[in-house]
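Let me begin by presenting the structure, written as structure tokens, before commenting on it.
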Amino acid sequence: MDVTAPTRRLSAAVNAAARLVPRVAVRLRADAGGLEVAASDRDLSVRLACPATTHVDGEVLVPAAPLAETVKMLDADVVRLVVEGSRLAVRVEGARFALPLLDRGARVEPAQPPRLSEVDGSVFAAAVRTVAGTAAKDDPLPVFTGVRVQTDGDDLVLTASDRYRMAVARVPVRAAWGPLDVLVPARLLTEATRQASGPVSLHADPAHFGLGWPGGTLTTAVLDAGFLSADTIPRDAVDTEVALPADALAAAVRRVGVYAEDRRVLTLEVGDSHVRLASARADTGEAEETLKANVCGGRTSPSFQARYLLDALAPFSGTTVRLAIQPGLRACVVRAAEEQEVDLTYLLMPMLPR
């Protein structure tokens, strides 16, 4: 194999493959169409295209981490990859780095399942960033580390929860060929959508989920999506509705949160035409801040953990946010007051005040 590629494009592809399928080797295949960067294990595979000029066709398997780090640190505009005996030489003007060739062996990777729908890549990525942020990062119950991806009529619905909050986003489907309902690891889905652009096709079978976009594909085993659903959370007892600028509320949460006790719990006291954030801590004092708001209904005043409230407000930055507050310890429903490109619903569980 002998190929010349743009350094930045190669670095982006190799580093993305190494992040998506960590701790494995990366496979490079060069032909007249350019360079393909791939990585796989039994449950996951990724393929990314990189523009390149191929001098000699070929395919090699090399350690992922050293190749990613080497190419990332190069200053040259282009880099040449050439097989020299039992090494893959990474050459730029004035420097040469050589990586051992690994035994390619038999390929064991999941096949791309059937295509079921297609969405706009940028809208899909925006929805995934928000929803995946509510999934648990490391939990003994895998269902809470995933994003449920399902079709509902002309929409694709994304759902995730860590049991303390839940986010549900709806994005329009550009085309559909069949129903879809799978639970995908949140970290993996987030990283994959960073790479995807243009139209993104969604693929699935009972055991696998896949994404395809111009220049890349990803296939992974799925989790059990059985009971992760926003439909199980009651939302019919709204007592109070509050509308105010999301950015103003978030800024107040950050300021008042400095004075919160160890659990960082703030009380959102609802008045006739305002909300008042309050917190107190014995060793740092107390804080309160009042914001103008449109208030409808009762005066239910919940308490929230500051960081969860900030996470809920972040996707609505620059807009007016509407809080539908239920009495007791029932979920608070957070939505944009005006229609947005991504139809997002954020469900936030209140905390017991102390």
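Number of residues in the range 300-354 that are β-branched (Val, Ile, Thr) and in a loop (DSSP other than H, G, I, E, B) equals 3.
One residue stands out among those in the range 315-339 that are within 18 Å of Pro172 (Cα to Cα) and out of contact with any Phe, Trp or Tyr (no Cβ under 8 Å at 6 or more places or on another chain): the one that is surrounded by the fewest Cβ atoms within 10 Å (Cβ to Cβ), which is Glu339.
Restricting the first member to the range 1-29 and to residues that are in a strand (DSSP E or B), and the second to residues that are polar (S, T, N, Q) and open to solvent by 40 Å² or more (accessible area, probe 1.4 Å), the beta-carbon pairs closer than 9 Å and six or more apart or on different chains are Val3/Thr53; Thr4/Thr53; Ala5/Thr53. Filtering the range 80-115 down to residues that are of a type in the set (Gly, Ala, Ser) and more than 26 Å from Asp41 (Cβ to Cβ), which residue is most open to solvent (accessible area, probe 1.4 Å)? The qualifying residue most open to solvent (accessible area, probe 1.4 Å) is Gly94.
Here the condition is being open to solvent by 10 Å² or more (accessible area, probe 1.4 Å), touching a strand residue (DSSP E or B) at 6+ places or on another chain (Cβ under 8 Å) and acidic (Asp, Glu); of Asp247, Asp272, it holds for Asp272 alone. For the range 295-340, residues that are among the acidic types (Asp, Glu), more than 13 Å from Ala250 (Cβ to Cβ) and in contact with a strand residue (DSSP E or B) (Cβ under 8 Å, 6 or more places away or on another chain) total 1. Among residues of the range 233-254 that are within 14 Å of Leu277 (Cβ to Cβ), those with a beta-carbon under 6 Å from a residue that is among the aliphatic types (A, V, I, L, M) and open to solvent by 40 Å² or more (accessible area, probe 1.4 Å) at least six positions away or on a different chain give the pairs Ala250/Leu310; Val253/Leu310. Just for strands (runs of 3 or more DSSP E) wholly inside the range 39-79: which have at least 1 residues that are open to solvent by less than 30 Å² (accessible area, probe 1.4 Å), among the aliphatic types (A, V, I, L, M) and closer than 18 Å to Pro100 by Cα? Ranges flagged: 58-63.
The values are calculated or read from the model by the stated rules, or taken from the named source; none is laboratory data. All of these numbers come straight from a predicted model, not from anything done at the bench. Cβ coordinates were reconstructed from backbone atoms using ideal geometry, including for glycine residues, and neighbour counts include every protein chain displayed. All accessible areas refer to the heavy atoms of the entire protein, side chains included, with ligands and DNA or RNA removed. Shrake-Rupley method; radii C 1.70, N 1.55, O 1.52, S 1.80 Å.
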